[in-house]
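Before we start, here is the structure in question, set down as structure tokens.
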Amino acid sequence: STVAALASEIAAAERVVAFTGAGVSVPSGIPPFRGESTDDDAPDPVWETYDPADFHRRRFDADPAGFWSDRLALRETMYGDGVEPNVAHEALATLESRGHLDTLVTQNVDGLHAAAGSESVIELHGTSARVACDRCGATQSADPVWERVREGERPPTCDCGGVLKPDVVLFGEGLPDDAFDRAQVAARRCDVFLAIGSSLTVRPASILPEIAADAGATLAVINLGSTARSGEADYDLRADVTEALPALVEAVETA
Ligand code: OAD
């Protein structure tokens, strides 16, 4: 089968990189940004309910109070009363602990890979667990700041007087240099690149599968539906991550 063939490539590989997107967290109850779902109960994609322009860097600069109000609503839509890792996150942590996964690059800001036990994680789009001062750069834990925002402090400010910003990459902002550099090096050096639960449409993160494939890696796409790179993938697994990833990890063990 396809899973068995991919599993033996992973078992034989020297370096494997996994690259994840919102689809990995959908089974935790977090909506995706775009794309189809097979589950009628699944939440609507975020960019069908919200306007991405409201979360653009320009909006933050022009109207930080309004930005934080919209961000509070988005946070409640995405995380509700809290979210936990699912079996897909756990399968990737298992793959790493068994020595078959070197680097996990994620576009997600929910922290669920680390919560599941993954250690070598590059958070390309930052993390919702922190906020950073837009003036002095100091970071702090997000939870107490969200409490202040709920109580009406909009925008929340730093001790230095600067405006705080969620420590995530907004549209219109570049990726953290160090994170993107490390992700590119990992993509260039790996033998197998697994793109999981991502539409592979948002640049520059979406060029990583191409970098890996151009450098000779086997490219596997694991996603419910078609992605921007499905056509050129060596393996195009159309599957739910909660089924495909545990099955893949099991197959690597017996490969
Ligand atoms: P997308 O929402 O674009 O893609 C998620 C993909 O996962 C879609 O193709 C879904 O069909 C698929 N999917 C959903 N549930 C799944 C499941 N259970 N099993 C397998 N696949 C499933 O999310 P990303 O590609 O991560 O950027 O989006 C990239 C970036 O766009 C995000 O990081 C965010 C967003 O705007 C920033 O915030 C900077």
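The values are calculated or read from the model by the stated rules, or taken from the named source; none is laboratory data. Given the structure is predicted, the values throughout are model-derived calculations rather than measurements. Positions of Cβ are generated from backbone atoms using ideal geometry, with glycine treated the same way; all protein chains shown enter the neighbour counts. In case anyone asks, the SASA skips ligands and DNA or RNA and just uses the protein heavy atoms, side chains included. Shrake-Rupley method; radii C 1.70, N 1.55, O 1.52, S 1.80 Å.
Name the residues in the range 222-234 that are over 17 Å from residue 207 (Cα atoms) and open to solvent by 30 Å² or more (accessible area, probe 1.4 Å), would you?
Passing the criteria: only 224.
How about the range 188-213: which of its residues are in a loop (DSSP other than H, G, I, E, B) and within 20 Å of residue 33 (Cα to Cα)?
So in the range 188-213, the residues in a loop (DSSP other than H, G, I, E, B) come out as 190-191, 197-204.
Residues satisfying the conditions are 197, 198, 199, 200, 201, 202, 203, 204.
When you check residue 19 against the structure, is it within 19 Å of residue 108 (Cβ to Cβ), under 17 Å from the mean Cα position of the chain (by Cα) and open to solvent by 60 Å² or more (accessible area, probe 1.4 Å), yes or no?
no
Looking at (1) under 16 Å from residue 93 (Cα atoms); (2) in a loop (DSSP other than H, G, I, E, B), which is the only condition residue 11 fails?
Unmet condition: (2).
Pairs only if they're at least six apart or on different chains, beta carbon under 9 angstrom, first in the range 214-236 and assigned to a helix (DSSP H, G or I), second more than 14 Å from the ligand (Cβ to nearest atom); list them, first residue then second.
214/188; 232/210; 232/213; 232/219
Give me the residue from the range 56-89 that is within 17 Å of the chain's Cα centre (by Cα), closer than 22 Å to residue 154 by Cβ and of a type in the set (A, V, I, L, M, F, W, C) and, out of that set, surrounded by the fewest Cβ atoms within 10 Å (Cβ to Cβ).
74
In this structure, does residue 149 turn out to be in a helix (DSSP H, G or I), of a type outside the set (Lys, Arg), open to solvent by less than 70 Å² (accessible area, probe 1.4 Å) and within 17 Å of residue 67 (Cα to Cα)?
The answer is yes for residue 149.
What are the residues in the range 26-41 that are modelled with pLDDT under 95 and surrounded by 19 or more Cβ atoms within 10 Å (Cβ to Cβ), if any?
35
Looking at residue 44 and the list (1) within 10 Å of the ligand (Cβ to nearest atom); (2) open to solvent by 10 Å² or more (accessible area, probe 1.4 Å), which single condition is not satisfied?
(1)
Considering every residue within the range 163-172, establish whether at least one is open to solvent by 20 Å² or more (accessible area, probe 1.4 Å) and on the phi > 0 side of the Ramachandran plot.
yes
Just name the residue that is nearest to residue 81 (Cα to Cα) out of those in the range 98-138 that are of a type outside the set (D, E, K, R), open to solvent by 30 Å² or more (accessible area, probe 1.4 Å) and not in a loop (DSSP other than H, G, I, E, B).
129
Could you check residue 95 against (1) assigned to a helix (DSSP H, G or I); (2) touching a helix residue (DSSP H, G or I) at 6+ places or on another chain (Cβ under 9 Å); (3) within 16 Å of the ligand (Cβ to nearest atom); (4) of a type in the set (A, V, I, L, M, F, W, C) and say which number it fails?
(3)
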